[in-house]
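See structure below.
Bear in mind that the values in this text are calculations on the coordinates, not laboratory data. The shown structure was predicted, so the numbers you read here are calculated from the model rather than taken from an experiment. Glycine gets a Cβ as well: all are built from the backbone with ideal geometry, and neighbour counts include every protein chain shown.
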Amino acid sequence: GAFALFTGMSLSETAPGQSPQQERPKATVHHQYLNVLAGEWITKSRLVGPAQKPIETTGKASIRPVLGGRFVLEERTGKLLGNDASTVRLYGYNTSTKRFEAVMAYAGSSALTTFSGTSTDGRTLTLSGVSTGKKGKAKTEMDIFLENPGSFTVTLRQPDNGNLVVTTVYKRAPKAPGKAAQKK
């Protein structure tokens with residue numbers, strides 16, 4: 001009942017364009033690319049804005065595959081100038097549009113930014129997004145560069161905001177030492 005009220009569909013209905021027998025999309029090589037990002041990360045961000053000194057901050061990120069490995073969910077924590085700068089991102093690859101997609105929420109805003117883009121080299125994702133806030137629509141560009149399995153970089157640019165740039169470097173967090181086997 002609550003599902004039908006919230007979505008406007010009953011459990012017996014299907015989404016537009018889907019037949020009842022249609023299978024869920026299977027994870028592809030594109031989804032596997034995103035799953036390489038899974039793990040625990042230490043982050044270092046550098047914010048550069050117009051006519052200001054660069055600001056650096058550190059944080060942590062946890063990235064995990066969700067929904068059968070077709071998406072990865074990132075939860076990043078950190079502070080910026082003493083304020084919460086936590087971010088949540090959900091990344092996926094849309095097999096219908098043949099494009100990578102993402103949605104981002106940031107503790108400093110009530111807007112969601114939606115992204116769409118491609119990869120031409122298998123190491124860099126280039127995504128463009130838009131959010132709507134007090135000042136209207138804001139364009140955000142995001143590049144994700146996978147340097148190696150132990151490091152990647154996310155660069156966010158807001159060209160309409162004085163070319164504000166935030167570059168975050170992710171390094172795999174060291175694994176916690178395991179507990180030694182206890183002797184009887």
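For the listed peptides 86-93, 119-126, 36-43, a ranking on the average number of other beta carbons within 10 Å per residue, highest first, reads 86-93, 36-43, 119-126. Pairs over the 18 Å Cα-Cα cut-off, from the set K44/K135; K26/K98; K53/K139: K44/K135; K53/K139.
Calculation over all alpha carbon pairs of region 17-115 in 10 angstrom steps from 0 returns a P(r) of 14, 36, 30, 14, 5, 1 percent.
Shape class of region 81-155 from the Cα gyration tensor (axes a ≥ b ≥ c, square roots of the eigenvalues): oblate, since a/c reaches 1.5 or more and a/b does not exceed b/c. The Cα atoms of region 38-181 define a convex hull whose projected area, averaged across directions, is 11.0 nm².
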